[in-house]
Each structure stands twice: as C-alpha cells, then as structure tokens.
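Just so you know, all these numbers are worked out from the coordinates, no wet-lab data involved. None of these values were measured; they are calculated from a predicted model. When we count neighbours, we look across all protein chains shown, and the Cβ atoms used for this are built from the backbone with ideal geometry, even at glycine.
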Amino acid sequence: MKLELGITVNSMLRNEFFMILASALLLFVLALVSFQFWVFFFSVLVGWVIADGLSGFFTRRGRGIGQTMGSNRMQPRGVVYLAFFVGIIVATEISSLMLNGVPNLVADIGKYYLLPLSFFASLVVWVDMRVRLYRR
C-alpha cells in the first residue's frame with residue numbers, strides 16, 4: 001500500500017523514529033478521548049521502563065550466572081530470587097505512585113503538556129528497547 005510521495009506502510013514500520021512519533025500521537029489522541037485511560041497507559045509505559053531498569057539494578061543477568069547488586073560473585077538462586085522480588089515490589093510502588101501523581105502533575109502544569117509527556121513516554125520506551133535488545 002503506497003501513500004503519497006512513495007512512502008509505503010512497510011517503510012514506515014521499519015523506521016523506529018516514525019513509530020516513536022506515531023505512538024506519541026496515539027497516546028495524545030487517547031488523552032483527548034479519555035484522560036483516565038491516558039494516565040493509565042502513561043503510567044504503565046513509564047512504570048515498565050522503571051521496573052526494567054530497577055530489575056537490572058537489583059539483579060544482573062548473563063550466561064546463567066545470578067548476581068545481585070553490589071556483588072560480582074555468583075549468588076545462590078534463592079538470593080537472586082529475593083533481589084528480584086524486592087525489585088518488583090519497589091518498581092510496583094513507584095508505578096503506583098506515578099499512577100496517583102500524574103493526574104496531579106498534569107492538573108498543575110496544564111493539559112498543554114500532554115503531547116510532550118506522551119512523546120516522553122514513547123521516547124523512554126524506545127531507549128529501554130535499545131538498551132535491552134540492541135546493547136552490545
């Protein structure tokens with residue numbers, strides 16, 4: 001399927017920067033339709049990135065060797081499980097604080113910032129994807 005100017009849907013799907021912009025615009029349109037849904041999806045997206053980052057902070061992955069924060073030595077699986085467990089609790093608490101705090105933030109700064117906040121959420125998801133999937 002070709003659009004004007006010879007741009008194809010396939011070429012748009014291959015362009016990650018276009019997809020960042022498209023997802024930000026989708027979030028913004030969602031905000032215009034239902035602010036509560038936008039708050040939920042914004043919190044889920046940013047909360048996931050925070051959880052993913054904290055997961056890497058509390059536990060390190062690699063070649064089947066479990067390591068925890070502050071240690072370069074192999075740890076027993078039970079210790080790695082507890083570190084992972086704590087990471088999930090901390091990330092969930094941060095996400096729930098965001099879910100409660102984002103509406104207040106938007107009320108304070110104004111709904112004019114919904115588009116930049118939507119772009120921010122899309123951008124941090126992209127950064128997380130680049131770090132997790134394409135890190136060398």
Discussion item. If neighbour count is taken as other Cβ atoms inside 10 Å, put Val102, Val29 in order from fewest to most.
Written reply: Val29, Val102
Fill in: Neighbourhood charge, 13 Å Cβ-Cβ cut-off, centred on Ile50 and excluding it, Lys, Arg +1 and Asp, Glu -1
-3
Worksheet item: What distance in nm separates the simple spin-label points at Ala22 and Phe35, each placed 7 Å from Cα in the Cβ direction?
Response: 3.0 nm
Fill in: Computed label-point distance, nm, for sites Phe84 and Ser96 using a 7 Å Cα→Cβ extension
2.2 nm
